[in-house]
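Take a look at the structure set out below.
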Amino acid sequence: MAGRPHLLSILTAPLLRENPVTLQILGLCSALAVTTSLATALTMSAALTVVVTLAAGIISVIRRHIPDAIRLIVQIVIIASLVIVIDQVLQAFFYEISRALSVYVALITTNCLVLGRTESFARSNPPIPAMTDALGNGLGYSLILVVIGAVRELFGQGTLLGVGVLPLAEEGGWFTPLGLMLLPPSGFFLLGGLVWAIRSVRTEQAEAAEFGPAAPTEAAE
Amino acid sequence: MSNLAALFLEASFVSNMPLTLFLGLCTFIALSRRPEAALGLGVAMTGVMGVTVPLNQAVYDLLLAPGAWAWAGLPDLDLYYLSLIAFIGVIAATVQLLELVLERYFPATHAAFGVFLPLLTVQCAILAGSLFMVERRYTLVESAVFGLGSGFGFAVAVVMLGAIRARLAYADLPAGLRGLGITFILAGLMSLGFASFALMAAQ
């Protein structure tokens, strides 16, 4: 990063323009797995945002003392400790949701979004911009999760946060729940559609056509 | 014996890591552009999961499970909360060791998929394999079969996706759908196919 970019732009850039999920392909696993209902999606978003912000802050503070050769291990240990704390807090106070999230909370440890931000931004920036950047990315991730979670819960069960929105057919209404929305394939379809929608509006994100199978292309990372 | 075979099939097809559990998606999507790269990733995944899941089972059973330190006069010690850090450590060490061994004795293999090995440390499917092993209380043999099965399922899925994406190079897609968008939709279609395995298992 050249110069000192404005804090506000660091915060808002990852929301749509450089969204971690739809553009940088980071943190996909949990984005799809926990979005069968809005409540789990919100919990997961909050947990991830807290972890990534705190991890970025801690790593940024000690960035001059981490030897380069073992930096990945140091970062993973810091992230894993934070995740253990979050996991224990969820188990203590929100046991039902913690059961629903199963191993996916623990998997924040290996969420490439967290490691990606600490590795590419927090490691070379002072704490305040690092935490702002992490917060922005956490919010960008949350945005995608909440949208997908809301669509899947609304059309899969006719509810939002457990409250009935669409009157169900078996209770005298007109809406028949789409069971497919709760199954894994719909997560992929929705995210694919969302990527398409974002890239149709912001055409600069669209990838170049790759004609010819032999042309070696860079991995999307 | 037939139980173990069933466990292998269940781990590789019914609860396929990327397509039904959404695990390891980042590498699944990012490295499936070319079939050769996908094959390298698949082989590396199978090897690493086949080793780390049973290894973590041993670590959990001997050191971390509630009551594991009873022989030392500490029957109440429960180190369960340390399992996350312990598992990550074992995985990182295994990946590093595997890389050293391959580099020393099988340089050709190492050159073929050496790039992917360090990435596997932060592969969520591998950590998830160990976490599921604890949640489902597998024994040592079962966890070895489960690890191999999950890795194999991942390899099958990623090679298939790589092959489909290579064919897509000729397709004329809408600009916004190219690359990431169409890959998600492909994965969704494959996931529908794998969902039928779940139905077969239920019958």
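The values are calculated or read from the model by the stated rules, or taken from the named source; none is laboratory data. What you see is a predicted model, and the numbers here were worked out from it, not measured in a lab. When we count neighbours, we look across all protein chains shown, and the Cβ atoms used for this are built from the backbone with ideal geometry, even at glycine. Just so you know, the surface numbers come from the protein's heavy atoms only, side chains and all, with ligands and any DNA or RNA stripped out. Shrake-Rupley method; radii C 1.70, N 1.55, O 1.52, S 1.80 Å.
Quick one: which of B:T52, B:T109 is open to solvent by less than 60 Å² (accessible area, probe 1.4 Å) and touching a residue at least 40 places away in the same chain (Cβ under 8 Å)?
B:T52
If you take the residues of segment B:167-181 that are within 7 Å of chain A (Cβ to nearest Cβ) and either modelled with pLDDT of 85 or more or in a loop (DSSP other than H, G, I, E, B) (or both), which of them is surrounded by the most Cβ atoms within 10 Å (Cβ to Cβ)?
B:G179
Could you count how many residues in segment B:183-203 are facing another protein chain (nearest Cβ under 7 Å) and of a type outside the set (F, W, Y)?
Number satisfying all stated conditions: 6.
A:D133 passes all but one of (1) more than 17 Å from A:E18 (Cβ to Cβ); (2) buried (at least 22 other Cβ atoms within 10 Å of the Cβ); (3) acidic (D, E); which number fails?
(1)
Going by what's in this entry, would B:L79 be described as open to solvent by 10 Å² or more (accessible area, probe 1.4 Å), out of contact with any strand residue (DSSP E or B) (no Cβ under 6 Å at 6 or more places or on another chain), in contact (Cβ under 8 Å) with a residue 60 or more places away in the chain and under 26 Å from A:V77 (Cβ atoms)?
no
Quick check on segment B:32-47: of everything there that is within 13 Å of another protein chain (Cβ to nearest Cβ) and under 22 Å from B:L97 (Cβ atoms), which residue is surrounded by the fewest Cβ atoms within 10 Å (Cβ to Cβ)?
Ranking the candidates gives B:G40 first.
Using beta carbons and a limit of 7 Å, which pairs, at least six apart or on different chains, have the first residue in segment A:191-202 and facing chain B (nearest Cβ under 8 Å) and β-branched (V, I, T) and the second one in a helix (DSSP H, G or I) and open to solvent by less than 10 Å² (accessible area, probe 1.4 Å)?
Sorted first by the residue in segment A:191-202, then by its partner, the pairs are A:V195/B:L180; A:V195/B:G181; A:V195/B:F184.
Do we have any residue at all in segment B:55-73 that's of a type in the set (D, E), away from every other protein chain (no Cβ under 13 Å) and part of a helix (DSSP H, G or I)?
Scanning segment B:55-73, I find at least one residue that is of a type in the set (D, E), away from every other protein chain (no Cβ under 13 Å) and part of a helix (DSSP H, G or I), so the answer is yes.
What tally of residues in segment B:113-140 results from selecting those that are open to solvent by 70 Å² or more (accessible area, probe 1.4 Å) and modelled with pLDDT under 75?
Of the residues in segment B:113-140, 1 are open to solvent by 70 Å² or more (accessible area, probe 1.4 Å) and modelled with pLDDT under 75.
Residues A:A80, A:A31: which one is crowded, with 21+ Cβ neighbours inside 10 Å and more than 15 Å from the chain's Cα centre (by Cα)?
Within the list A:A80, A:A31, the selection yields A:A80.
Which of (1) at pLDDT below 85; (2) open to solvent by less than 30 Å² (accessible area, probe 1.4 Å); (3) within 14 Å of chain B (Cβ to nearest Cβ) does A:L90 not meet, given it meets every other one?
(1)
Condition first: more than 7 Å from chain B (Cβ to nearest Cβ) and either open to solvent by 30 Å² or more (accessible area, probe 1.4 Å) or at pLDDT below 65 (or both). Now tell me which residues in segment A:203-221 satisfy that.
A:E204, A:A208, A:A214, A:A215, A:P216, A:E218
Among the listed residues A:R117, A:R123, A:R152, A:R199, identify the single one that is of a type in the set (D, E, K, R), in a helix (DSSP H, G or I), open to solvent by 50 Å² or more (accessible area, probe 1.4 Å) and modelled with pLDDT of 75 or more.
A:R123
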